[in-house]
Each structure stands twice: as structure tokens, then as C-alpha cells.
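Peer 1: This is the structure I want to talk about, given as C-alpha cells.
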Amino acid sequence: MTILKASHLKKYYGRDESLVKALDDVSLSVEDGQFVAIVGTSGSGKSTLLNMLGGLDVPASGAVQVENESMEKMTEEQLTVFRRRRIGFIFQNYNLIPYLTAYENIVLPVRLDGKEEDGDFLKEIVRFLELDGKLANYPSHLSGGQQQRVAIARALVSKPAIILADVKWSMVLIVYCVYSVQKKRKKGTLYTNRA
Ligand SMILES: Nc1ncnc2c1ncn2[C@@H]1O[C@H](COP(=O)(O)OP(=O)(O)OP(=O)(O)O)[C@@H](O)[C@H]1O
Ligand SMILES: [Mg+2]
């Protein structure tokens, strides 16, 4: 089954001399259980692409479908809920909320949905990401790597259809491990790295 399908995405910034074709007719699809890497030099459009795939930004033209549902027809509210339930996003700069503990950060997307997290699954993720004993810490009291792993846990806990990870090359191994957790659940993972 196709989890994600993007067709003919375009995004240009600026114009005339300063025109940047960040995305110029990009199409790709991710199948169930697939691990896909998008590799490119700095400024080549990886974050722009992931933002479009994750519904965080809108392409000038083209379409994105996640589990056969098109995002472009959704209202802002529908899109927010859709993103929270179907897409796990790992940001280049983690995007943790500083006044929430590691635990509160991790479960936030589930709680915003008015739901309870799957406790056993959360325990499994926390053990896997070596965050035991760190859940009560605020982000400022975590190491850089621990912060990134909290961001990974947050992306996983809602059991999304796909994980989009905008991470550096040095994080590839850990993202691959995330993929193996996802794979048990037979869903897609897609990440970009920076050269
Ligand atoms: N809001 C914007 N306005 C103008 N240009 C932009 C904007 N956002 C991105 N760009 C340009 O679009 C291009 C792609 O940027 P993007 O952030 O997608 O690159 P990247 O591949 O993620 O790079 P990196 O590996 O450094 O994270 C760059 O040339 C960048 O300068
Ligand atoms: Mg980037």
C-alpha cells in the first residue's frame, strides 16, 4: 500500500535574479514499510520538500496524499488534526517546548487529541531511545542527543502513518532504529540528511 504520494511539487522563492527553484516538479511515493532517504547539499530543497510532504507548507503546485487522503482540500483545522494523527515530524532543530518536561513533550500530540497514549508502546520507545530516568527533565536539562531522542519519541508515540525526519547524517543510525520500530508496525519512514 502507498503511504505517501507526492506529485509534481513546485516551490519557487524570489524572482528574476534572486529566483530559487527550491522544488521543481518533484514526485515520489513511499510504500508501506519503506525507508527512504533524501540526500542533497545544503540549500538543495530537502527541508522545503519535507515541509510540503508533512503539510507544514503548501506547494505552489502539485499534490500530496497520505494514506490516499489529499491535504490540499483540507481546512487549516482539519489539516492540524490530520498532521497530528498521521504524520510524525522530527524537526531539524527538535522544536521541543521548553516549559514542558520530556514526558509532557512526548505525549503532547496524543493529549492534544484528547487521548491517552499507549503506555506499553511508550515504555518500549523510551527504553529503546535510552530515555529512562530522563522523562521528568526539562529540555534545558537534557543533552543535545537526548533532546533529539525526545523529539523522535514524540514523533512515534501517536503511531503515525509516516515519520518525516529532517535530520543530519550523524543521526541516520538512530533514524534507522526508529524505522525498525516503525517497521514492526509496517509503516513508512522518510528522512533527509545534510551533507
Ligand atoms: N522562505 C524562504 N524565502 C526565500 N528562500 C528560501 C526560503 N526558504 C528556503 N529558501 C531557499 O530555498 C532553498 C532550499 O532551502 P531548504 O531549507 O529546503 O534547503 P535544505 O536542503 O534543507 O538545506 P540544509 O541541508 O542546509 O538544511 C535554499 O536555497 C534556501 O535559501
Ligand atoms: Mg534543511
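The values are calculated or read from the model by the stated rules, or taken from the named source; none is laboratory data. Everything numeric in this text was worked out from a predicted model, so none of it was measured. FYI the Cβ positions are ideal-geometry reconstructions off the backbone, even for glycines, and counts take in every protein chain you see.
Peer 1: Where residues in segment 59-82 are over 17 Å from the mean Cα position of the chain (by Cα) and in contact (Cβ under 8 Å) with a residue 40 or more places away in the chain, which of them is surrounded by the most Cβ atoms within 10 Å (Cβ to Cβ)?
Peer 2: Per the stated criteria, the residue is Pro59.
Listed here are the residues, each with its yes/no results for (1) assigned to a loop (DSSP other than H, G, I, E, B); (2) among the hydrophobic types (A, V, I, L, M, F, W, C); (3) surrounded by 13 or more Cβ atoms within 10 Å (Cβ to Cβ).
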| residue | (1), (2), (3) |
| --- | --- |
| Lys5 | no, no, yes |
| Lys10 | no, no, yes |
| Lys21 | no, no, no |
| Leu28 | no, yes, yes |
| Val36 | no, yes, yes |
| Ser44 | yes, no, yes |
| Ser47 | no, no, yes |
| Asp57 | yes, no, yes |
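Peer 1: Considering Val58, Val30, Val20, Val66, which residue is of a type in the set (A, V, I, L, M), within 16 Å of ligand 2 (Cβ to nearest atom) and modelled with pLDDT of 90 or more?
Peer 2: Exactly one residue qualifies, and that residue is Val20.
Peer 1: Further question: Residue check, Met52 against (1) among the aliphatic types (A, V, I, L, M); (2) in contact with a Pro (Cβ under 7 Å, 6 or more places away or on another chain); (3) over 16 Å from Ile163 (Cα atoms), all met but one. Which one?
Peer 2: Checking Met52 against (1) among the aliphatic types (A, V, I, L, M); (2) in contact with a Pro (Cβ under 7 Å, 6 or more places away or on another chain); (3) over 16 Å from Ile163 (Cα atoms), the one that fails is (3).
Peer 1: Quick test for you: out of Leu19, Leu9, Leu53, pick the one residue that is within 13 Å of ligand 1 (Cβ to nearest atom), within 16 Å of the chain's Cα centre (by Cα) and not aromatic (Phe, Trp, Tyr).
Peer 2: Answer to the selection: Leu53.
Peer 1: Any idea which of Ile125, Ile152 is of a type in the set (Val, Ile, Thr) and touching a Gly at 6+ places or on another chain (Cβ under 9 Å)?
Peer 2: Within the list Ile125, Ile152, the selection yields Ile152.
Peer 1: Would you say Val39 is under 19 Å from the mean Cα position of the chain (by Cα) and closer than 20 Å to Ser61 by Cα?
Peer 2: Answer is no for this residue.
Peer 1: Restricting the first residue to segment 158-169 and requiring it to be assigned to a loop (DSSP other than H, G, I, E, B), which pairs with a second residue that is within 10 Å of ligand 1 (Cβ to nearest atom) meet a Cβ separation below 9 Å and a spacing of at least six or different chains?
Peer 2: Val167/Gln92; Val167/Thr192; Val167/Asn193; Val167/Arg194; Lys168/Gln92; Lys168/Asn193; Lys168/Arg194
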